[in-house]
Amino acid sequence: MSNVAFQMSGFTILELIISIAIIALLSVGVGVELIAYQRTVALEAASKDIVSELRTAQNKALSGEDGTVPPDGAGDAWGIRFSNRTPSTYAKFYGSTFSWANVTATTTLPSSVAFTDPSLNTDKDIIFTKITGTTTPSSITLQTQDGSQSQTITVATSSISVQ
């Protein structure tokens, strides 16, 4: 009989555990970055939507669009009400003062985004005057729920910007 030596090849338990630990750590790191990225995307999308709604309200005021149904031909001022309640919402309305009867659309912010200006449990109205489309300078600040990022939308007399 001959003596044949078999050489075993493969992974030891220790090597397997170390490999699994490295993969787990990498997965956690990627997961955290994906969550942060999702918050960034939600914040930027909410800011862009608000700027779009503000510009729409301004354009409706500039053109003298009538909000009443049926139209009365007088034209209207248009505005947006920002409400920092649970959940944070904003509503487009017509008229020189806010009234729920004059709201044409309401939007809720994503759950990962909230207003910090207006402050908690308060409202802020930005109203564009009819024909001129001007408004009193104001700002709206949005923040991710974890507070890691924020964006401020500044509405000047005749311009809107995001910082």
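The values are calculated or read from the model by the stated rules, or taken from the named source; none is laboratory data. On a predicted model such as this, the values are computed, not experimentally measured, just so you know. Cβ coordinates were reconstructed from backbone atoms using ideal geometry, including for glycine residues, and neighbour counts include every protein chain displayed.
Scanning the range 1-25 for residues that are surrounded by 10 or more Cβ atoms within 10 Å (Cβ to Cβ), modelled with pLDDT under 90, among the hydrophobic types (A, V, I, L, M, F, W, C) and assigned to a helix (DSSP H, G or I) yields one hit, LEU16.
When the range 89-115 is filtered for residues that are over 26 Å from SER63 (Cα atoms), part of a loop (DSSP other than H, G, I, E, B) and among the polar types (S, T, N, Q), the ones remaining, listed by number, are SER111, SER112.
Quick check on ALA46: is it among the hydrophobic types (A, V, I, L, M, F, W, C) and at pLDDT 95 or above? When the stated conditions are applied, ALA46 passes them. Of the residues making up the range 103-117, those that are buried (at least 19 other Cβ atoms within 10 Å of the Cβ) and free of Cβ contacts under 8 Å to residues at least 40 places away in the same chain number 2. Quick check on the range 130-163: of everything there that is polar (S, T, N, Q) and without any contact (Cβ under 8 Å) to a residue 24 or more places away in the chain, which residue is farthest from GLY64 (Cα to Cα)? Applying the filter and picking the extreme gives GLN163.
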